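See structure below.
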Amino acid sequence: MVLALLAHAALALVASPRLAPRRAGSIVAQEREPLSVVMDLKPLGKARIRWQPIFAASEAVGVTYPLPFELNVEQKGGLAVVTKDGPGGEKAGDVLRYCSEWKIAPKGQGSGGALETVASFSGLMEWKVGVFDVNKAKAWEEVVEALTSNEKSRTDQIVLAFEREVRQASV
């Protein structure tokens, strides 16, 4: 089932409760150099994201969209696969590897434990941006939650990193 995201829409389109196992092709790709892309995580700044490729030949593609955004992805073979070319540069067949994600966390440095629990009741929590590793999601709902956490009350953009398989020309 296609997941077309327009800011918050699409939670009802989630079809499968769990991601399927990854493709065996990733074993071959692990011998390659990691792929990387620079993500501008406002307000934190730029971060270089590196990952082991899942294809024998592929490239990294970074995309930033203003909100609201539209992204056509579908769960296929345990991967979040683009089903329709997008205006930001993603193409059908690309695999979503990372996206910006907003989570509630203690203001400043997290202290953990009881102090963090007290902070949550005393207004010392805030939304913080981070990076979500799509391939580590245990359920498709986690991917949807990460994507839809990028909403206008927190940010004006979403940042996405895709892996695009490169077909080698036959000679």
Just to be sure I understand, how many residues within the stretch 56-66 are surrounded by fewer than 18 Cβ atoms within 10 Å (Cβ to Cβ), over 15 Å from the mean Cα position of the chain (by Cα) and not acidic (Asp, Glu)? 3
Considering only residues of the stretch 115-134 that are within 27 Å of ASP156 (Cα to Cα) and open to solvent by 70 Å² or more (accessible area, probe 1.4 Å), which is modelled with the highest pLDDT? TRP127
Given the conditions (1) surrounded by 13 or more Cβ atoms within 10 Å (Cβ to Cβ); (2) under 13 Å from LEU160 (Cβ atoms), every one holds for PRO53 apart from (2)
Pairs only if they're at least six apart or on different chains, beta carbon under 7 angstrom, first in the stretch 133-147 and more than 20 Å from SER36 (Cα to Cα), second polar (S, T, N, Q) and buried (at least 19 other Cβ atoms within 10 Å of the Cβ); list them, first residue then second. TRP140/GLN75
Residue under evaluation GLU141, criteria (1) in a helix (DSSP H, G or I); (2) in contact with a Cys (Cβ under 8 Å, 6 or more places away or on another chain), criterion not met: (2)
For the stretch 70-86, give me each residue that is under 23 Å from LYS136 (Cα atoms) and either out of contact with any Gly (no Cβ under 9 Å at 6 or more places or on another chain) or aromatic (Phe, Trp, Tyr) (or both). VAL73, GLU74, GLN75, LYS76, GLY77, GLY78, LEU79, ALA80
Of all residues making up the stretch 71-105, the number that are under 20 Å from ASP40 (Cβ atoms), among the acidic types (Asp, Glu) and open to solvent by 20 Å² or more (accessible area, probe 1.4 Å): 1
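The values are calculated or read from the model by the stated rules, or taken from the named source; none is laboratory data. Note that the coordinates shown come from a computational prediction; the quantities given were computed from them, not determined experimentally. When we count neighbours, we look across all protein chains shown, and the Cβ atoms used for this are built from the backbone with ideal geometry, even at glycine. Accessible surface is based on the protein model in full, side chains and every heavy atom, while ligands, DNA and RNA are left aside. Shrake-Rupley method; radii C 1.70, N 1.55, O 1.52, S 1.80 Å.
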